[in-house]
Structures are given as C-alpha cells and as structure tokens.
Amino acid sequence: MSSENIEALRTADRARMASLFVRYPALTEAELEEIHAWFNRRATSLDLGLLAATPEIAEQFQEYRAQHHDRFKPSDIGKAALFIGAVAAVVGSIVLMIP
C-alpha cells in the first residue's frame with residue numbers, strides 16, 4: 001500500500017471514531033467494541049491526539065478514556081508487583097554480598 005492509501009484509511013478510521021464519540025456513552029455494545037479494538041490495535045498517537053483536540057468530541061473522548069483506558073488493570077498491578085519483586089531481589093543480593 002502506498003502512504004497515500006494508508007493516510008486515507010487512517011483519516012476514514014478517525015472520521016468513523018469521531019462519529020461514534022459524538023454519541024458516547026449512548027453506544028451499542030458492538031460500537032463500543034469497535035472503539036476498543038481501534039483504540040487498542042490501530043490508533044496511533046497522532047490519531048488519539050487529533051481526536052482529543054476535536055472540540056465537538058473532546059468531552060466524550062476524555063470520558064471514554066477515563067472509563068476504559070486510564071484505569072489500572074489487574075495486568076498492570078501484576079507487572080508492578082513483578083518489577084518491585086525483581087528490584088527487591090537485586091537489592092537483597094547486593095546487601096547479602098557486602099561483607
């Protein structure tokens with residue numbers, strides 16, 4: 001695909017998401033899943049920034065982010081616990097090596 005085709009697809013995706021965000025939170029389950037899939041798999045930082053900067057949907061976009069993406073998930077807490085455990089193991093190993 002040429003870069004022009006890719007940009008046309010991205011523009012169409014953003015327009016579709018904007019049309020959905022206009023109606024948020026009054027969306028069907030399928031439409032909400034479509035937003036989730038786009039947000040998690042296809043959206044770039046530029047896409048998200050352009051949508052967030054659109055005055056007509058800024059409030060709904062921020063509400064969606066607060067409800068669905070800006071919260072800690074169990075996997076996030078698990079990753080944090082693993083990181084803290086790894087740091088504690090390294091620090092403990094260093095302390096035990098000191099004479």
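A compact table of results
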| quantity | calculated |
| --- | --- |
| Loop GluC sites (Glu not before Pro), region 6-99, which have at most 14 other Cβ atoms in a 10 Å radius of their Cβ (DSSP) | 56 |
| Spatial extent of the chain: Rg and Dmax, with the Cα atoms as the point set, Å | 20.3, 66 |
| Largest-first principal axis extents, alpha carbons of region 3-53, Å | 34, 21, 16 |
| Length-normalised contact order of the chain in % [C-alpha pairs under 8 Å, at least 6 apart] | 26 |
| Within a Gaussian network of the chain (alpha carbon springs, distance under 10 Å), most fluctuating of 55, 25, 74 | 74 |
| Between 0 and 90°, nearest 10: helix 58-68 axis offset from the chain longest Cα axis | 40 |
| Extension gain from residue 95 to residue 42, taking 0.36 nm per residue of separation minus the Cα-Cα distance | 14.5 nm |
| Per-residue [θ]222 nm for the chain (sum of -39500 (n - 2.57) over DSSP H runs n ≥ 4, rounded to 500) | -24000 deg cm²/dmol |
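Rule-based calculations on the coordinates, nothing more; no lab input. These numbers come from a predicted model, not from an experiment. Counting neighbours? That spans all protein chains shown, and the Cβs are built from the backbone with ideal geometry, glycine included.
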